[in-house]
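S.K.: Before we start, here is the structure in question, set down as structure tokens.
All of the numbers you see were taken from the coordinates with simple rules; none came from a lab. No experiment lies behind these values; they were computed from the predicted model shown. Here the Cβ is made from the backbone with ideal geometry for all residues, glycine too, and neighbour counts use every protein chain on show.
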Amino acid sequence: MRRSLPILALTLALIITPALAQWNLQQNLGNLEPISFEDVFNDTIKYDDGAINWWYNGLTNFRLATKFTPAAAYHLQRIMIALDSSSTAPITIFVKNDSAGFPGGTPLWSGNLFYNAPYTWLGLTVDTLNLPQYHFSAGTTFWIEIRSNGPPFEIYDASPTLPTRSKTWFAPWGGWVNSPGDNFIRVAGEYSTSIVDAGCDSIWHGGNFFLPNPSSISVSARVKNFGSSTATFNVACSLFTELGGSSFTFFQALTPQTVTSLASGGFTTVNFPSVNLPTSNRYRLRVRTLLAGDGNPDNNAWDTETLIYTAPAELRYDDTLYANAAYALTGNGWAMKFNPHQTGNYTLDQFKVMAQFANGDSAARIQVLDDNGASGAPGTILYQTVAIMTTGWNAFNVSLANQTGSFYVAYIFEHGTHTSALRYDDYPSSGQGWSKSGAIWIADASASDWMIRATISSSALPPSLDVTLTPVNPPITIPANGGSFQFNTAVARTVGPQAAFWAWARMKYPNGTYSSPTLGPVQINPPVGVTITRLRIQNIPSTHPAGVTTYLGYANTTFTYPAIDSSSFTFTKLVTVDNGPWVNDYTCSGELFPGEEVTFGEIHPSAFLLYPCSPNPFNPTTAIRYQLSVFSHVSLRVYNTTGRLIAELVNGGQQAGIHQVTFDGSRLASGLYFLRMQEGDFSATQKLMLVK
């Protein structure tokens, strides 16, 4: 399990003792020197990565042990170790059989080594005479154990081989426990037969560690031929449901996949068909290679987990059984990323952290952070508190509503190693851990899962819609012969979830009755927080009743009343006429909303047809084409956005057929204009954009 500098890990115990709390753990970055004599022997088995990351300073009378499982018949010839300092007394090295997963009793071989070159590979030769007792058949496990009174002291690499192969013995810890990384112990010798070994290198399911019920999931894995010759083998995937803690029972097997003729040392990706998971539960997904004669079964399988949940639900990565606990320097810490994969908003109700408290521990800082604008890293702090931990689960109620996407729960060491240690569980790792070094958050994909949980509930709140009608040049008066007015209509969804909604307008007459919709209804779907504004022109015919009329706009998830939001303004219809034309329709024209179709008020489609102007936008001229089905009296006018007449292009009788005129805007400023065509009682409007 990796810990990034300058993070410190302290415990490998179920209980931290006062003596253990005083030990000074350091991390030493760097690589060990290559082993000069390693090439003397043909085949070396190693599990460490050669990079030093852990050092428990001051342990005495300690033991380290690593188990080895050769993938083919193997002749052990030499043992190599690396430690942190010179020895003043000999170090004893043992070769032992396996006993129920631990080093056995009577040694097969032992020898003494004066370790006099710190951070250097030194070793002892076991056998070069091909003696039978140092031969191990394929798949047979043996242990190398070393004992030291200290110094020298032990060192470990960054991330232990999975399953864990290295053990550390120390009496206060109760005997053998998993080492924090791989021990620096290697064996060299010779394989006497070819290696047959295929294994799984990694597994993934698209980061779907939490999915609402019901859901489906797809699993992929990378497999490798670790053998010495080309291999063909099957890859299986099984699903298990959680019974409690780390106990799982078989649920379902997916269709096995076949890897054909994979070269020695080669990798390939295997994809399994998606599977439906209709029941809320935690599932373990396991991919396993199946190769006849495989000499190393330990690397065959790889696991990951997912939680199918019904909100409200507690989201967790851990198996309830913790492995160890760890400290960090002041201001540093760790976090777990949570993505509930909710399609709508959700509320973060509570989070919990599992701490390891020792007498006199100081407070920790706990934070909830957003996903940094969906860039995939801890970002803005949404909530934080400082509290002294107790041993076990510490719960915090937060009620952060209207959340979307991912969030992070972080444990910050307010007082360094004087803060309570944070616990983490064992294999498998989700890869969703993060570490904080100073002000920087770093993805820590190789870390075990910190024991941090979050409880969410579905927000399921009604969406917040907004509609605003704003008249142009109020107050509005309409003569008895009719007229028109302009107004801006702005609609928006201010709070999610993202979904289409309806917008429309109607009028409330002076007598209190209502008209049918004059605008829409139109269904639109703008992104949450984005406002759509359109300039509209509303005709009011001569037959409209005199008095004060209210013009109303609505927004709702359905075309029903009452609406979620509404807006209005008024206009007055006079009893006197002016010198303008008589208006005979309620056409609402102007800029169209997304999805709205061009309409011509109450006209008959066969009366006339106004074609789209071309070009549009234009500079400085555009062609206007229209078609008449019968002899008609036609007016063709251009207005600016305030409703002022700019040009009258046609005003008179015309024969049936297609007609074209040119509008020249060379003397006009760049901007938006409206072309209005009227034939008898019917009209149509188009938007023109002049760009110079």
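S.K.: Could you give the radius of gyration (one decimal) and Dmax (whole number) of the Cα atoms in the stretch 198-309, in Å?
M.R.: In Å, with Rg to one decimal and Dmax whole: 14.6, 45.
S.K.: Just list whichever of Lys46/Lys167; Lys352/Lys436; Lys46/Lys337; Lys96/Lys167 have alpha carbons separated by over 25 Å in the model shown.
M.R.: Values: Lys46/Lys167 15 Å; Lys352/Lys436 19 Å; Lys46/Lys337 33 Å; Lys96/Lys167 14 Å.
Among Lys46/Lys167; Lys352/Lys436; Lys46/Lys337; Lys96/Lys167, the Cα-Cα distance tops 25 Å for Lys46/Lys337.
S.K.: Moving on. Once Rh is set to the Kirkwood radius over Cα pairs, what Stokes-Einstein translational diffusion coefficient, in µm²/s, holds for the stretch 462-599 at a temperature of 20 °C and a viscosity of 1.002 mPa s?
M.R.: D = 138 µm²/s.
S.K.: If you place +1 on the Cβ of every Lys and Arg and -1 on the Cβ of every Asp and Glu, how big does the dipole about the Cα centre of the stretch 604-692 come out, in debye to the nearest 20? Please report the intermediate quantities before stating the final value.
M.R.: On the way: 7 positive and 4 negative charges, 62 e Å.
Approximately 300 debye in magnitude.
S.K.: Label Tyr514 and Thr543 with points 7 Å out from Cα along Cα→Cβ: what is the distance between them in nm?
M.R.: Going from the Tyr514 label point to the Thr543 one covers 2.2 nm.
S.K.: Using just the C-alpha positions of the stretch 360-456 as equal point scatterers, what log10 of I(q)/I(0) does the Debye formula give at each q in 0.10, 0.13, 0.18 1/Å?
M.R.: -0.27, -0.47, -0.94
S.K.: Roughly what % of Cα-Cα distances in the stretch 251-409 sit above 20 Å, to the whole percent? Could you put the intermediate results ahead of the total?
M.R.: Working: 8182 of 12561 pairs.
Tail fraction, whole percent: 65.
S.K.: In cubic angstrom, how much convex hull volume per residue do the alpha carbon atoms of the stretch 31-191 span? Display every interim value, and only then the final one.
M.R.: Numbers: hull volume 16.9 nm³, N = 161.
Given the Cα convex hull of the stretch 31-191, per-residue volume reads 105 Å³.
S.K.: Work out, step by step, the length gained on full extension between Thr662 and Ser635: first 0.36 nm times the residue separation, then minus their alpha carbon distance; give nm to one decimal.
M.R.: Details: separation 27, 0.36 × 27 = 9.72 nm, distance 1.42 nm.
Working it through step by step, the gained length comes to 8.3 nm.
S.K.: Please work out the C-alpha center-to-center distance from the stretch 322-353 to the stretch 412-479 and express it in whole Å.
M.R.: First find each Cα centre; the distance between them is then 10 Å.
S.K.: Continuing with this model, one more query. Residue by residue through the stretch 254-269, what is 3J(HN,Hα) from phi via Karplus (6.51 cos²θ - 1.76 cosθ + 1.60, θ = phi - 60°)? Round to whole Hz and write x for glycine and proline.
M.R.: Karplus-based 3J(HN,Hα) across the stretch 254-269 equals 8, 4, x, 10, 10, 9, 10, 6, 7, 5, 4, x, x, 10, 8, 9 Hz.
S.K.: Calculate, axis by axis, the spread of Cα positions in the stretch 471-535 along the three principal axes, and write the results as whole Å, longest axis first.
M.R.: Ordered largest first, the stretch 471-535 gives principal extents of 46, 26, 15 Å.
S.K.: Taking each pair of different alpha-carbon atoms in the chain once, compute 1/r for the pair, average those values, and report the inverse of that mean as the Kirkwood hydrodynamic radius in Å to one decimal.
M.R.: Values: mean 1/r = 0.0316 Å⁻¹.
Result for the chain, one decimal place: 31.6 Å.
S.K.: Dipole magnitude of the chain about its Cα centre, charges +1 at Lys/Arg Cβ and -1 at Asp/Glu Cβ only, in debye to the nearest 20?
M.R.: Working: 37 positive and 45 negative charges, 265 e Å.
The calculation lands at about 1280 debye.
S.K.: How much mean residue ellipticity at 222 nm does the chain get from its helices, if each DSSP H run of length 4 or more adds -39500 (n - 2.57) and you divide by all residues, to the nearest 500 deg cm²/dmol?
M.R.: Rounded to the nearest 500, it is 0 deg cm²/dmol.
S.K.: Average the reciprocal distances over every distinct pair of alpha-carbons in the stretch 270-339, invert the result, and give the Kirkwood radius in Å.
M.R.: Values: mean 1/r = 0.0616 Å⁻¹.
Final number for the Kirkwood radius of the stretch 270-339 is 16.2 Å.
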